[in-house]
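Please read the structure below before turning to the comments.
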Amino acid sequence: MSLGPLMIDLDGLALSFEERELLRHPLVGGVILFSRNYESREQLTALTRAIHGLRSPRLLIAVDHEGGRVQRFREEFTALPPLNHLGRHYAQKPREALAMAIDLGWLMAAELRAAEIDFSFAPILDLYSAHSRVINDRAFHPLPETVARLGQAYMRGMHAAGMAAVGKHFPGHGTVDADSHHELPIDRRGLQAIRTRDLLPFRLLISAGLEGIMPAHILFPAVDGVPVGYSKVWIDEILRAELGFMGAVFSDDLSMSGAAVMASHVERTHMALAAGCDMCLICNDRRAVARVLDHIVVAPNPLAQVRLMRMHARGTTSMPEVLAHPRYAAARFALLTLEPAPTLAFRDDTPA
């Protein structure tokens, strides 16, 4: 069985009978976890092992676990700072900040890997802007060159822990005020302005081996008449042809308000896959998942399978091995140097 093009969520701490049957559907290829799926590290590991044991090749398991406001698992996991804390440290001590980015990328990935999670949707490659309601301190820095340097370092840490990286939100969400969870943001800049700023971190991380990208639910009317995640111009022409990206493209949640340019989830899924997405997220709407599974027909795509298979985590590890690793002490020291992470979190049911 191959990996299907849908990534879906779960209701609770363990798989129900209905969910086991749903995850065996050939059009399902992955699971995204939220805080509601977490009680303890032991429970989480039992859940991920149950998911991985359902099929071969095993389903992908992902989570939004950036730190700061967006960290799904907190008890028994290290509290990670917002990425902007690394950017502020970079302004004073760039070499030290880059080393910290490697160590914190490793720590984030290693702790998740010890619970048998394949990847986190990280790092954020958006540019920092104080007026962005959804990105803000989730972004490393306002300068694209600095975002690229810190993003590459963070990705190196993830790779060292055996985890693939997913850059988001292509081609850049940080410069718009609106939150695509609740409305469709519109960015009226032309393509050249976006190329010279927002696209630079994506371009450089692609060159450094970035495995995954998540497009933003943003409309750039000067470039195309549909939001990025539904756009062949953005995904096929710019991301694939111009930037040379050969990795997996994951849609942002198709249940978000920014994705609702099409009335039904079936239409949204068809459009996202036709535009070039390899896997589509549908969260917090089990009826929508059922409708999509009943109505979409997807032709086999060997290239998509290769791209998705690269998202599986490499190797195995355990928490005792993480705690004994030399990078663990370096990462803990970095946390003492940076400001403490805030306790405010995203809503549990909201993909980030």
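Exactly one residue among 111, 96 is more than 21 Å from residue 206 (Cα to Cα), surrounded by 24 or more Cβ atoms within 10 Å (Cβ to Cβ) and not hydroxyl-bearing (Ser, Thr, Tyr), and that residue is 111.
Of the residues that sit in segment 296-309 and are in contact (Cβ under 8 Å) with a residue 60 or more places away in the chain and part of a helix (DSSP H, G or I), which one is nearest to residue 26 (Cα to Cα)? Taking the candidates together, the pick is 305.
When 15, 22, 54 are checked against the criterion of being in contact with a strand residue (DSSP E or B) (Cβ under 9 Å, 6 or more places away or on another chain) and either assigned to a helix (DSSP H, G or I) or more than 14 Å from residue 73 (Cα to Cα) (or both), 22 stands alone in meeting it.
Of all the listed residues (86, 23), the sole one being buried (at least 22 other Cβ atoms within 10 Å of the Cβ) and either of a type outside the set (S, T, N, Q) or at pLDDT below 95 (or both) is 86.
Results for (1) free of Cβ contacts under 8 Å to residues at least 40 places away in the same chain; (2) out of contact with any helix residue (DSSP H, G or I) (no Cβ under 8 Å at 6 or more places or on another chain); (3) closer than 23 Å to residue 24 by Cβ; (4) not hydroxyl-bearing (Ser, Thr, Tyr), shown as yes or no for each residue.
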| residue | (1), (2), (3), (4) |
| --- | --- |
| 217 | no, no, no, yes |
| 225 | yes, yes, no, yes |
| 229 | no, no, no, yes |
| 247 | no, no, no, yes |
| 251 | yes, no, yes, no |
| 279 | no, no, yes, yes |
| 294 | yes, yes, yes, yes |
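Just one residue in the set 115, 99, 109 is assigned to a loop (DSSP other than H, G, I, E, B) and on the phi < 0 side of the Ramachandran plot; that residue is 115.
Among the conditions (1) closer than 18 Å to residue 310 by Cβ; (2) free of Cβ contacts under 8 Å to residues at least 40 places away in the same chain; (3) outside any strand (DSSP E or B), residue 31 misses just one, which is (3).
The values are calculated or read from the model by the stated rules, or taken from the named source; none is laboratory data. The structure displayed is predicted, hence computed values, not measured ones. Positions of Cβ are generated from backbone atoms using ideal geometry, with glycine treated the same way; all protein chains shown enter the neighbour counts.
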